[in-house]
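Trainee: Got a structure for you, questions after.
What follows is calculated from the coordinates using simple rules that are stated; it is not laboratory data. Small disclaimer: the values here were computed from a predicted structure and weren't measured. With ideal geometry, Cβ positions are generated from the backbone for all residues, glycine too; neighbour counts draw on all protein chains shown.
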Amino acid sequence: MIDVAAAIIRRGDKILVVRRAVGQHLAGFWEFPGGKIEQGESPEVCLVRELREELSIEVDVGAFAGENIHQYPDKTIHLMAYYATIAAGEPVPTVHDRLMWLKPSALAQLPLSEADHPIAEAVRNTLPEFYDINAADYFCATHDLDPESFLAPLATVLSREARILDIGCGSGRDLAWLLRKEFRPTGFELSPTLAQLAREHSGCPVIEGDFFTFDFTALSFDAILMVGSLVHLQHNQLSSVLQRIAGALTSGGFIMLTLKEGDGAGVQSDGRVFTLWRPLTLEQIFIDLGFEIVDSNRQVSRLRQSDVWLGYLLRFNIHRRVQDRRH
């Protein structure tokens, strides 16, 4: 089995793909850039080296995007993909014969190498373009809903003027509610269109960024709010993304998040795929990451009666993490 690392590099609403040149294995097929992991390398270190050699760029590697094991006639590939951002340089193909930036939805029409297909599916399911294209409709459908029932547990544990980061702030509904409660909220949103609507509706600052690659350790907040913002993550992505986002927390800070209950995944009529969770599975992830569960609840969606949301209020368990490090 050959271990290979691949990078999912976004520029705005587009993804970078490269085509294998004539004379190479799988010539003419497109793939996410990357390469074979050398002995002693981590996937992240491999990507920095490979993208420097193959595309003449420097990258910052972010969260885990997914993996796939594929059996070709002559070899077995274990492909591990990570989100990345370009830190320096402009991509120039030196090994591949072509590169292209395209929207995630276009990946389905591209002749991708077979090992890359499941990774492409995971990327399409994050659907960043859906929320930008449908920003006005999404805003109208969500901004008038009263968030009191699911935000109250967070509000009760925070002091006045507490700093709160609202990941995936969408319409700005929750930002406005938090501001009225005399907290200091800041939004975080991938869609530029939604980010602007959130600023206008709430009067709060909104950071435009991608939580797969953003450096959250540069921020400092007393609490992080994620209402439905992680619903498109696959089961094997949640832990690494949650750990990355938690880098913005102050010591002893809180996380409030909601995810959909169920098994597997659900697909809505608009094409969005939502990962579903069982409470025991989620709670084990939280414990493994060093969080204690302060409060949990289960609520039926007011938009769709078939959807059930699981809500959790988490706090960083300092003593648990110290004990784990000692062992």
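Trainee: Which whole-Hz couplings ³J(HN,Hα) result when phi for each residue of region 204-221 is put into the Karplus expression 6.51 cos²θ - 1.76 cosθ + 1.60, θ = phi - 60°, listed in order with x for Gly and Pro?
Mentor: Result, ordered by residue: 9, x, 9, 7, 8, x, 10, 5, 6, 10, 5, 8, 6, 5, 7, 9, 8, 10 Hz.
Trainee: While we're on this one: Which whole-Hz couplings ³J(HN,Hα) result when phi for each residue of region 280-287 is put into the Karplus expression 6.51 cos²θ - 1.76 cosθ + 1.60, θ = phi - 60°, listed in order with x for Gly and Pro?
Mentor: Computed from phi, the couplings for region 280-287 are 5, 5, 4, 5, 5, 4, 4, 5 Hz.
Trainee: So which of K36/K260; K103/K181; K75/K260; K14/K260 end up more than 32 Å apart by C-alpha?
Mentor: Numbers: K36/K260 36 Å; K103/K181 39 Å; K75/K260 38 Å; K14/K260 27 Å.
Beyond 32 Å between Cα atoms: K36/K260; K103/K181; K75/K260.
Trainee: How large is ³J(HN,Hα) for each residue in region 172-179, as worked out from phi by the Karplus curve 6.51 cos²θ - 1.76 cosθ + 1.60 (θ = phi - 60°), to whole Hz, x for Gly and Pro?
Mentor: x, 4, 6, 4, 4, 5, 5, 5
Trainee: Something else now. Would you grab the residues whose amide H sits under 5 Å from the one on D295? Only those 5+ places off in sequence or on another chain, please, with H modelled 1.01 Å from N.
Mentor: Distant-sequence amide H within range of D295: L313.
Trainee: Moving to a separate point now. Between D60 and Q39, take the C-beta separation as r, use R0 = 22 Å, and let me know the FRET efficiency to the nearest 0.05. Let's see the in-between values first.
Mentor: Details: r = 24 Å, r/R0 = 1.09.
Efficiency at R0 = 22 Å is approximately 0.40.
Trainee: If you average the sequence gap of Cα pairs under 8 Å that are 6 or more apart and divide by the length of the chain, what percent do you get for the contact order?
Mentor: Details: 675 pairs, mean separation 41.6, N = 327.
The value is 13 percent.
Trainee: Check which residues have an amide H placed less than 5 Å from I37's amide H, if you skip close sequence neighbours.
Mentor: D3, V4, A5
Trainee: Counting helices only, and only those DSSP H runs with n ≥ 4, report the 222 nm mean residue ellipticity of the chain as the sum of -39,500 (n - 2.57) divided by its residues, in deg cm²/dmol to the nearest 500.
Mentor: Numbers: 10 runs with 93 residues, N = 327.
Value at 222 nm, helices only: -8000 deg cm²/dmol.
Trainee: While we're looking at this one, here's another question. What is the calculated FRET efficiency for S105 to N236, with r their C-beta to C-beta distance and R₀ = 30 Å, to the nearest 0.05? Display every interim value, and only then the final one.
Mentor: Values: r = 23 Å, r/R0 = 0.75.
The calculated FRET efficiency here is 0.85.
Trainee: For A218 and R160, FRET efficiency with R0 = 22 Å and r from the beta-carbon atoms, rounded to 0.05?
Mentor: 0.30
Trainee: Can you pull the one-decimal nm distance between simple spin-label points at T250 and T193, each 7 Å off the Cα toward Cβ?
Mentor: Each label point is offset 7 Å from its Cα along the Cβ direction, giving 3.7 nm.
Trainee: Moving to a separate point now. In nm, to one decimal, how far is the modelled label at Q24 from the one at R52, with both set 7 Å along Cα→Cβ?
Mentor: About 2.0 nm, to one decimal.
Trainee: If amide hydrogens are placed 1.01 Å from N in the peptide plane, which non-local residues have theirs closer than 5 Å to the one on G228?
Mentor: Amide H neighbours of G228, under 5 Å, 5+ apart: T258.
Trainee: Please report V300, V308 as a ranked list, fewest other C-beta atoms within 10 angstrom at the top and most at the bottom.
Mentor: Values: V300 11, V308 14.
Ranked by crowding around the Cβ, least crowded first: V300, V308.
Trainee: Looking at region 2-124 only, what percent of DSSP beta bridges run antiparallel? Nearest 5 please. Please list the in-between numbers first.
Mentor: Numbers: 23 of 32 bridges.
Antiparallel: roughly 70 percent of the beta bridges in region 2-124.
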